[in-house]
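For reference, the structure is listed below as C-alpha cells.
The values are calculated or read from the model by the stated rules, or taken from the named source; none is laboratory data. Bear in mind the structure is a predicted one, so any value in this text is a computation, not a measurement. Glycine gets a Cβ as well: all are built from the backbone with ideal geometry, and neighbour counts include every protein chain shown. Surface accessibility is based on the protein's heavy atoms, side chains included, excluding ligands, DNA and RNA. Shrake-Rupley method; radii C 1.70, N 1.55, O 1.52, S 1.80 Å.
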Amino acid sequence: KRLTVFEQQGLVAELDFLFECLSVGTSPYSSVCAWTGPLRAPRDFTFGSCFVEVKSNRGSQSPVVKISSEFQLNCASDEKLFLHVVSLSESPECKGMTLDEFVERVWQLLGNDYTGKEEFERRLAAYGYCPLDEYGDRRWETTGVASYEVVDGFPRILSSQLDAGVSCVQYDLDLDRCAKFVVPSEAVYSVIELKKDGK
C-alpha cells in the first residue's frame, strides 16, 4: 500500500530530523533506535528521558500542526519534551528531493554501521515505506524548522485532564500561540547528545 501524501510528508519530516541528529555526530545505531515513532510509541523520538515529537506543516501559510492523541504531548516532571516542526513545500521538478532521496540521504550518513542500516530498514518498513513503490512524482523542499520546549503553560490536552471514558483525542495546535516556547534547534540536539553520553 503506497503511502498517502500526508504520510509521505510526515515521514519526510522525521527523516529530516534523523538526518540532523546524525549530522551533529550522534551514534548512527543509537539515533536510529531512538526513532520510535514507526514502532507506535507516543512520541517520534526517544532519547532516555528526553522525547522529541516531530511534526510537519506548510510553513507560515499553515501555522497549525495536528496532534494525534492526548499522550503525544504528555511529559512527566523528570522528563524533557520538545516539539520539532519541519516546514515543507512541494517543489517543482527541479527543486527539493523525493521521499526516496530523503531516505538515501540518511542511508549515506549511516556509513559502515550495518547494524544501524538494518534497523533503519526495519523502521522504514514499520512506517509503511517500501522502496519498490514509486515516489518520484513528488518533491519536497524544507523551508524552515522550529523547535518548542513543552513545559507548563504550553497549549495542549493532557490525558490526566480527560474524563473517564474519553480517549483517542485529536486536535489542531496553533503554533502562533506557542511563540514564547520557541527554543533554538541546537538546544534540542545538545540535550540529545547529553542523553546519549549518559549524563
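So, E104, is that one of a type outside the set (F, W, Y), open to solvent by 50 Å² or more (accessible area, probe 1.4 Å), in a helix (DSSP H, G or I) and modelled with pLDDT of 95 or more or not?
Details: of a type outside the set (F, W, Y): yes; open to solvent by 50 Å² or more (accessible area, probe 1.4 Å): yes; in a helix (DSSP H, G or I): yes; modelled with pLDDT of 95 or more: yes.
The answer is yes for E104.
Answer yes if at least one residue in region 144-154 is open to solvent by 40 Å² or more (accessible area, probe 1.4 Å), among the charged types (D, E, K, R), in contact with a helix residue (DSSP H, G or I) (Cβ under 9 Å, 6 or more places away or on another chain) and over 23 Å from S30 (Cα atoms), and no otherwise. First the steps, then the outcome.
Going residue by residue through region 144-154, those that are open to solvent by 40 Å² or more (accessible area, probe 1.4 Å) are 145, 149, 151-153.
Filter once more, keeping what is among the charged types (D, E, K, R): 149, 152.
Then keep just the ones that are in contact with a helix residue (DSSP H, G or I) (Cβ under 9 Å, 6 or more places away or on another chain); that gives 149.
Imposing the further condition that a residue be over 23 Å from S30 (Cα atoms) reduces the set to none.
No, region 144-154 contains no residue that is open to solvent by 40 Å² or more (accessible area, probe 1.4 Å), among the charged types (D, E, K, R), in contact with a helix residue (DSSP H, G or I) (Cβ under 9 Å, 6 or more places away or on another chain) and over 23 Å from S30 (Cα atoms).
Being among the hydroxyl-bearing types (S, T, Y), more than 23 Å from W107 (Cβ to Cβ) and either surrounded by 21 or more Cβ atoms within 10 Å (Cβ to Cβ) or in contact (Cβ under 8 Å) with a residue 60 or more places away in the chain (or both): is that true of S49 here?
Details: among the hydroxyl-bearing types (S, T, Y): yes; more than 23 Å from W107 (Cβ to Cβ): yes; either surrounded by 21 or more Cβ atoms within 10 Å (Cβ to Cβ) or in contact (Cβ under 8 Å) with a residue 60 or more places away in the chain (or both): yes.
It is true that S49 is among the hydroxyl-bearing types (S, T, Y), more than 23 Å from W107 (Cβ to Cβ) and either surrounded by 21 or more Cβ atoms within 10 Å (Cβ to Cβ) or in contact (Cβ under 8 Å) with a residue 60 or more places away in the chain (or both).
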Worksheet item: Mind checking whether some residue in region 88-98 is open to solvent by 20 Å² or more (accessible area, probe 1.4 Å), free of Cβ contacts under 8 Å to residues at least 60 places away in the same chain, touching a Ser or Thr at 6+ places or on another chain (Cβ under 6 Å) and within 19 Å of R139 (Cβ to Cβ)?
Response: yes
Item to complete: Scan region 25-43 residue by residue and report those that are of a type outside the set (A, V, I, L, M) and closer than 18 Å to E121 by Cβ.
Response: S27, P28, Y29, S30, S31, C33, W35, T36, G37, P38, R40
Worksheet entry | Residue under evaluation Y135, criteria (1) among the aromatic types (F, W, Y); (2) outside any strand (DSSP E or B); (3) at pLDDT 95 or above, criterion not met | (3)
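Select, from E14, E20, the only residue that is part of a helix (DSSP H, G or I), of a type in the set (D, E, K, R) and surrounded by fewer than 21 Cβ atoms within 10 Å (Cβ to Cβ).
On the way: E14 fails: surrounded by fewer than 21 Cβ atoms within 10 Å (Cβ to Cβ).
Criteria check complete, one pass: E20.
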Worksheet item: Which ones in region 156-192 are more than 17 Å from L83 (Cα to Cα), open to solvent by less than 70 Å² (accessible area, probe 1.4 Å) and in a helix (DSSP H, G or I)?
Response: S159
Practice prompt. Please state which of the following conditions G37 fails to meet, knowing it meets all the rest: (1) at positive phi; (2) open to solvent by less than 20 Å² (accessible area, probe 1.4 Å); (3) among the small types (G, A, S).
Written response: (1)
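Tell me yes or no: at least one residue of region 28-44 is over 15 Å from the mean Cα position of the chain (by Cα), part of a helix (DSSP H, G or I) and of a type in the set (G, A, S). Please lay out each step first, then the result.
Of all residues in region 28-44, those over 15 Å from the mean Cα position of the chain (by Cα) come to 28-30.
Applying the additional criterion that residues be part of a helix (DSSP H, G or I) yields 28-30.
Pick out the ones that are also of a type in the set (G, A, S) and you get 30.
There is at least one residue in region 28-44 that is over 15 Å from the mean Cα position of the chain (by Cα), part of a helix (DSSP H, G or I) and of a type in the set (G, A, S).
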